[in-house]
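Working notes for the structure below.
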2 protein chains.
Amino acid sequence: MKKVVVIGGGTGNFVVLQGLKRYPLDLTAIVSMADDGGSTGVLRDELGVLPPGDVRQCLVALSHSSHLMRSLMNYRFENGGLGGHSFGNLLLSALEKVTGSFERAVEEAGKILYIRGKVIPVTMHQTRLRMVLNNQQILEGEREIYLSQEIDKGYQKIYLEPYPKVNQHVIDSIATADLLVVGPGGLYTSLIPNLLVEGVGDAICNAKARKVFVVNLMNRKGQTSYFKTHDYLKELIRFLGKDPFDHILINVQRPAKDLMDVYAKEGDLVENDLAEKRLISAELLGDLHLEPKQDLMKRSLIRHDSKKLAQELMKIVDRL
Amino acid sequence: MKKVVVIGGGTGNFVVLQGLKRYPLDLTAIVSMADDGGSTGVLRDELGVLPPGDVRQCLVALSHSSHLMRSLMNYRFENGGLGGHSFGNLLLSALEKVTGSFERAVEEAGKILYIRGKVIPVTMHQTRLRMVLNNQQILEGEREIYLSQEIDKGYQKIYLEPYPKVNQHVIDSIATADLLVVGPGGLYTSLIPNLLVEGVGDAICNAKARKVFVVNLMNRKGQTSYFKTHDYLKELIRFLGKDPFDHILINVQRPAKDLMDVYAKEGDLVENDLAEKRLISAELLGDLHLEPKQDLMKRSLIRHDSKKLAQELMKIVDRL
């Protein structure tokens, strides 16, 4: 069975994993630990736990349990002191408290959810993402970075504080992978935070695996405004040290005009400016389904279709 | 397989069920829905759910899952907006929200916990326990009744408001039981609240099952102070309509002196004043284990030994 390692966190990972889980693969999700917004942020602050949100999404993506169990994990309490917490986050945090270890917590939650594959936090240490903009403003935490509209004016640095030790299982997984999938996902809030952890960039560059970069569909306004394929690649290389990608997978399907209008406030479509042999162009857009209960989908109306994305990735796997 | 139905709620039920689950029995726990204290009370008020606390305890008692899962269910968050909530209560409340039904929630939680047997809420309707004392004071809710020290001065009435419809599964379970076990448990806060639901008393009296009343070990100060076996029985009969019990199981073991001293503030030992053929006397005291993490045990230092209690009950079952 081919081993596929997916690196990201958040909704991007979710789409890749949900697509790939239909195939007979040995799947591993490596998840950024920089999230500090919403329910996750409150749990970090109040309970001192590691951030559960992105891990929860990956667990749900890999889950083979009932639809009910997956709905339960994403269920958000609405009122009172519990308001805003997703049940899955509470499960992970309670398991961390009971077992004394976030890694055990993820493992046990994986059993409850019958996941096939593994979810591995990139680090087991508490760390915060920080970004210093060109205007000297310091953005504290992933949430602030996510909300900022000033990043496209340039930044001096982005780093994790304290500089965290990598989870050794991450290095081992990357080293033994047959296919590495980086992206899609928030460039500064999901992808780069993984690469800021000690040793992750080198591990990716040195891995024997075939390496694919899945480029985002949309730019995020004030962050990656008017980025083209090459801009994304350049930013990743900045943190990877070199360009390790054997394939770059881009979408060439245009969203419907009315959808683009709705989305205009959020950002623009990523245009391609590369003409390299390693470029794979495909129609990757998901049908528009507004599923108000699946909160992780709310964020991006224009999103990858998990089936189409998985089909393209499987073409690479099949040629390995 | 003999069918045993245990009626109560709270810690008393827990001890009976935990003991009986080691035997090849068809076990059903009928649980009072009057709890409104602590985490359960907050969830009722803030989320409008049915009270999960006693159901959680019964599910844990019947669970054949790992020690970790059982610890998880009883784990209480310590800080922030989650402070005081037990994880199991949150699981039941989230499941009630996701499935739209408390009964489904209990069923699904039972699957997650690999329970053998059934846990059945006595009613599916929101209701509050209310007690009017002789001094005209009205005690609102189980929690207030639990904390009152004025009940032994007499009360005019105790009732559920609104008067709830029984859960039909309760009537069916009682009708088809081979053995019915009433108690141990808080007289006014666990046992009688079940009998206040429409039809439950009649169902018990008319059941073909052998019926056992397990008398409490200790009186609760200000509530059942200086109650003897007959006082308990009289109170139950008041709500049952008649005396249906084939057996009355009492403890004759004396707790250690130092333990009695610790307990003196809480209440006194229940003395026996019955000399009937149906009386079964046995040594039923549990060893004193202080398990600070198992919060449901904190309440009663002097408690039934689940194994000894089950052995006595099994003697009755074996003679059926």
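It is to be established whether one or more residues within the stretch B:107-117 are buried (at least 19 other Cβ atoms within 10 Å of the Cβ) and farther than 21 Å from A:S66 by Cα. Checking the stretch B:107-117: at least one residue is buried (at least 19 other Cβ atoms within 10 Å of the Cβ) and farther than 21 Å from A:S66 by Cα.
Could you please let me know if A:L25 is more than 14 Å from chain B (Cβ to nearest Cβ) and either basic (K, R) or surrounded by 24 or more Cβ atoms within 10 Å (Cβ to Cβ) (or both)?
No.
Taking the criterion of being in contact (Cβ under 8 Å) with a residue 60 or more places away in the chain and buried (at least 21 other Cβ atoms within 10 Å of the Cβ), the residues of the stretch B:121-142 that qualify are B:P121, B:V122, B:T123, B:T127, B:L129, B:E142. The set of residues from the stretch A:234-255 being among the β-branched types (V, I, T) and crowded, with 20+ Cβ neighbours inside 10 Å comprises A:I248, A:I250. Condition check: within 13 Å of chain A (Cβ to nearest Cβ) and open to solvent by less than 10 Å² (accessible area, probe 1.4 Å). Does B:G41 satisfy that? Yes: the conditions hold for B:G41. Taking the conditions (1) at pLDDT below 95; (2) crowded, with 21+ Cβ neighbours inside 10 Å in turn, A:I145 satisfies each one other than (1). Residues being over 20 Å from B:M33 (Cβ atoms), in contact with a Lys or Arg (Cβ under 8 Å, 6 or more places away or on another chain) and of a type outside the set (K, R) are entirely absent from the stretch B:181-202. State yes or no: is A:T99 more than 14 Å from chain B (Cβ to nearest Cβ) and either among the polar types (S, T, N, Q) or surrounded by 23 or more Cβ atoms within 10 Å (Cβ to Cβ) (or both)? No. What pairs can you find where one residue is in the stretch B:31-57 and more than 25 Å from B:V5 (Cβ to Cβ), the other is open to solvent by 10 Å² or more (accessible area, probe 1.4 Å) and hydroxyl-bearing (S, T, Y), and their Cβ atoms are less than 7 Å apart, with a gap of 6+ or different chains? Sorted first by the residue in the stretch B:31-57, then by its partner, the pairs are B:G37/B:Y146. Restricted to the stretch B:140-204, the set of helices (runs of 4 or more DSSP H) holding at least 1 residues that are within 25 Å of B:V317 (Cβ to Cβ) and in contact with a Ser or Thr (Cβ under 7 Å, 6 or more places away or on another chain) comprises B:168-176, B:192-195.
When the stretch A:229-250 is filtered for residues that are outside any helix (DSSP H, G or I), of a type in the set (F, W, Y) and more than 15 Å from A:L179 (Cα to Cα), nothing remains.
Inspection of the stretch A:207-228 identifies at least one residue that is part of a strand (DSSP E or B), under 26 Å from A:P24 (Cβ atoms) and among the aromatic types (F, W, Y). When B:A94 is tested against (1) crowded, with 20+ Cβ neighbours inside 10 Å; (2) away from every other protein chain (no Cβ under 11 Å), only condition (2) is not met. A search for C-beta distances below 7 Å between a residue of the stretch B:190-202 that is open to solvent by less than 20 Å² (accessible area, probe 1.4 Å) and any residue that is in a loop (DSSP other than H, G, I, E, B) and aliphatic (A, V, I, L, M), counting only pairs 6+ apart in sequence or on different chains, returns B:P193/B:A34; B:N194/B:V122; B:V197/B:V122; B:V197/B:V166; B:V200/B:V122; B:V200/B:V166. When the stretch B:262-288 is filtered for residues that are within 21 Å of B:S306 (Cβ to Cβ) and among the aliphatic types (A, V, I, L, M), the ones remaining, listed by number, are B:L269, B:V270, B:I280, B:A282, B:L284, B:L285, B:L288.
For the stretch A:106-117, does any single residue satisfy the condition of being modelled with pLDDT of 95 or more, more than 26 Å from B:K97 (Cβ to Cβ) and within 14 Å of chain B (Cβ to nearest Cβ)? Checking the stretch A:106-117: at least one residue is modelled with pLDDT of 95 or more, more than 26 Å from B:K97 (Cβ to Cβ) and within 14 Å of chain B (Cβ to nearest Cβ). Of B:Y263, B:Y232, all but one fail to be at pLDDT 95 or above and of a type in the set (S, T, Y); the exception is B:Y232. For the stretch A:61-80, a residue qualifies if it is open to solvent by less than 10 Å² (accessible area, probe 1.4 Å) and within 14 Å of chain B (Cβ to nearest Cβ), and the qualifying residues are A:S63, A:L72, A:M73, A:F77.
The values are calculated or read from the model by the stated rules, or taken from the named source; none is laboratory data. These figures come from a predicted structure and were not determined experimentally. No Cβ is skipped: glycine too gets one built from the backbone with ideal geometry, and neighbour counts run over all protein chains shown. With ligands, DNA and RNA removed, areas are computed over all heavy atoms of the protein, side chains included. Shrake-Rupley method; radii C 1.70, N 1.55, O 1.52, S 1.80 Å.
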